[in-house]
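*Asks:* Right, I'll just put the structure down here and ask away after.
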Amino acid sequence: MVTTLDDTKRMMIGTKLADIKALQELVIANEQRFISEINDQDIRHRFQEMLKDDQKNMGVLETVIVQYGIKSEPKQTIRQFVDKLQELMGGSELSIFEKVFQHELLKHQLVMSGVVVHKAAQKVGADVELAITPLNTVNFENRAHQEQLKGVLEVLGVRELTGQEADQGLWARVQDAVAALSGVAGSVITQNSDKSDLNIQDVIRLDHNKTNTLFTEILGSNDPQKIQEYFGQLYKDLSVHAEAEEQVVYPAVRPFYGQNDTQELYDEQAEMKRKLEEIKALSPASSEFKDKVRQLMEAVGDHIRQEESTMFAAIRNNLSSDQSEQLATQFKAAKSQLQDQMSASKK
């Protein structure tokens, strides 16, 4: 029987994502503190802009964690580090220069953690790599923030050591970083957008892309253990996705998408769940297993095409951007709760 076990590598990536989220929360708290403590208008403005970016990036990170589907808690050492740095940032032991210096180091830690997760995902599986892809945008923006912070540090450092203003040419580094940041390509939430979150179409499409990748991995592997791992992830992803859609999305779209079309989506997912349970009862080494997976893939493919064509069009025509983003937030929250419930049921 196929189980829904997570392998060690996937669990370790889940923990690292939790570490990154804890550090991102600290970054946001630091920037809020700097805005209230720093009187220099230019520097305060830089931190206001960084805070906007980092609040958006927290939404991207939360999407990545839900999309990845394996939730974890930060390591104890990361929790201790966060507590200690919060204490230093809120105290009087460090000068404002030293506090910003620690903040720049924190940004570097975030950048390297994001890069490591990206590289590790390439080794674990295509579905993992796809799930964490939006993290690349966060990595890029944190790297650009590092360059801005170096410019800020030069200004603050010269001021602290000499009591005089630094040459304005030092801000060139900041301007270059801002220019680089504004040119982010392929960002899921671009700096030229007022979006505060992904919209519901974005989030559902991310799920669909990961599902298609898992089907490819299952059908392309001859290793029963890897097939078991891939199907375990597919089982969890499809189960949670379907339930969250039925709780949040379908009731919201029914008034304008239509009773019949919406009911068809419910019916298709009921059949999908039946097929999932049927496959779950089979051995991954059996000849029947992949035949059943292909049948499931065809059914899911038809369902995806309907959602991404007619349902997405209905959403675009009837919901505002804010309403679509709010629906995405509700959908992600439902998925997160369902993932927690599924994890608890296995203990």
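*Asks:* Can you work out the PRE-style zone for Gln48? Point 7 Å along Cα to Cβ, and I want the residues of the stretch 72-90 with backbone N under 20 Å.
*Replies:* It comes to no residues whatsoever.
*Asks:* Given a Förster distance of 22 Å, report the FRET efficiency between Asn209 and Thr77 from their Cβ-Cβ distance, rounded to the nearest 0.05.
*Replies:* On the way: r = 34 Å, r/R0 = 1.54.
It comes to 0.05.
*Asks:* Also: With semi-axes √(5λ) of the Cα gyration tensor in Å as the read-out, I listed (i) 48, 20, 16; (ii) 43, 23, 16; (iii) 40, 25, 16; which label goes with the value calculated from this structure?
*Replies:* The calculated read-out lines up with (ii).
*Asks:* Rounded to the nearest 500, what is the 222 nm mean residue ellipticity of the chain from helices alone, with -39500 (n - 2.57) per DSSP H run of 4+ residues and division by all residues? Let's see the in-between values first.
*Replies:* Numbers: 14 runs with 271 residues, N = 347.
So the calculated ellipticity at 222 nm is -27000 deg cm²/dmol.
*Asks:* With a Förster radius of 51 Å, plug the Cβ-Cβ distance of Gln225 and Arg254 into 1/(1 + (r/R0)^6) and report the FRET value to the nearest 0.05. Before the final figure, lay out the partial values.
*Replies:* Values: r = 42 Å, r/R0 = 0.83.
Step by step, r from the Cβ atoms, then E = 0.75.
*Asks:* Between Gln263 and His108, what FRET efficiency comes out of the Förster formula 1/(1 + (r/R0)^6) with R0 = 56 Å and r the beta carbon distance, rounded to 0.05? Write down the numbers at each step before the final one.
*Replies:* Numbers: r = 52 Å, r/R0 = 0.93.
Here the calculated transfer efficiency is 0.60.
*Asks:* Okay, next question. Place a label point 7 angstrom from the Cα of Ser283 along the Cα-to-Cβ direction, then list the residues of the stretch 200-239 whose backbone nitrogen is under 13 Å away.
*Replies:* So the set is 224-225.
*Asks:* Give me the angle, in degrees from 0 to 90, between the Cα long axis of helix 8-37 and the longest principal axis of the Cα atoms of the chain, rounded to the nearest 10.
*Replies:* Between helix and principal axis, roughly 40 degrees.
*Asks:* While we're here: Taking the Cα atoms only, what angle lies between the long axis of helix 224-244 and the longest principal axis of the chain, rounded to 10 degrees?
*Replies:* 80 degrees
*Asks:* Give, as a single signed number, the net charge of other residues whose beta carbon lies under 12 Å from the beta carbon of Val138, with Lys and Arg counted +1 and Asp and Glu -1.
*Replies:* Numbers: positive: Lys21, Lys56, Lys107, Arg143; negative: Asp53, Asp54, Glu62, Glu141.
That sum, taken over residues with Cβ under 12 Å, equals 0.
*Asks:* For Gln86 and Glu25, calculate 0.36 nm times their separation in residues minus their Cα-Cα distance, and state this gained length in nm to one decimal. List each step's numbers first, then the result.
*Replies:* Details: separation 61, 0.36 × 61 = 21.96 nm, distance 1.07 nm.
Extending this stretch completely gives an extra 20.9 nm.
*Asks:* Continuing with the same structure: Compute the accessible area per residue over the chain, keeping the other protein chains in place, probe 1.4 Å, unit Å².
*Replies:* Numbers: 16000 Å² over 347 residues.
In whole numbers, the chain has 46 Å² accessible per residue.
*Asks:* Same structure again: Under a Cβ-only charge scheme (Lys and Arg +1, Asp and Glu -1), can you give me the dipole magnitude of the chain about the Cα centre, in debye to the nearest 20? Before the final figure, lay out each step's value.
*Replies:* Values: 40 positive and 54 negative charges, 158 e Å.
Roughly 760 debye for the chain.
*Asks:* What's the angle, to the nearest 10 degrees (0 to 90), between helix 200-220's Cα axis and the longest principal axis of the chain?
*Replies:* Helix 200-220 sits roughly 60 degrees off the main axis of the chain.
*Asks:* If you roll a 1.4 Å probe over the chain with all protein chains in place, what percent of the accessible area is carbon or sulfur?
*Replies:* Working: 7980 of 16000 Å².
For the chain, the apolar C and S fraction of the accessible surface comes to 50 percent.
*Asks:* I'd like the accessible area for Ile78: 1.4 Å probe, protein heavy atoms, all chains in place, Å² to the nearest 10.
*Replies:* Surface open to solvent at Ile78 totals about 20 Å².
*Asks:* With the cut-off at 18 Å, tell me which of the pairs Lys9/Lys273; Lys56/Lys107; Lys71/Lys226; Lys9/Lys123; Lys71/Lys107 have Cα atoms farther apart than that. Spell out each step's value before the answer.
*Replies:* On the way: Lys9/Lys273 27 Å; Lys56/Lys107 16 Å; Lys71/Lys226 20 Å; Lys9/Lys123 9 Å; Lys71/Lys107 23 Å.
Among Lys9/Lys273; Lys56/Lys107; Lys71/Lys226; Lys9/Lys123; Lys71/Lys107, the Cα-Cα distance tops 18 Å for Lys9/Lys273; Lys71/Lys226; Lys71/Lys107.
The values are calculated or read from the model by the stated rules, or taken from the named source; none is laboratory data. What you see is a predicted model, and the numbers here were worked out from it, not measured in a lab. Because the Cβ atoms are built from the backbone with ideal geometry, glycine has one as well, and the counts that use them run over all protein chains shown. Quick note on the areas: whole protein, heavy atoms, side chains included, nothing else; ligands and nucleic acids left out. Shrake-Rupley method; radii C 1.70, N 1.55, O 1.52, S 1.80 Å.
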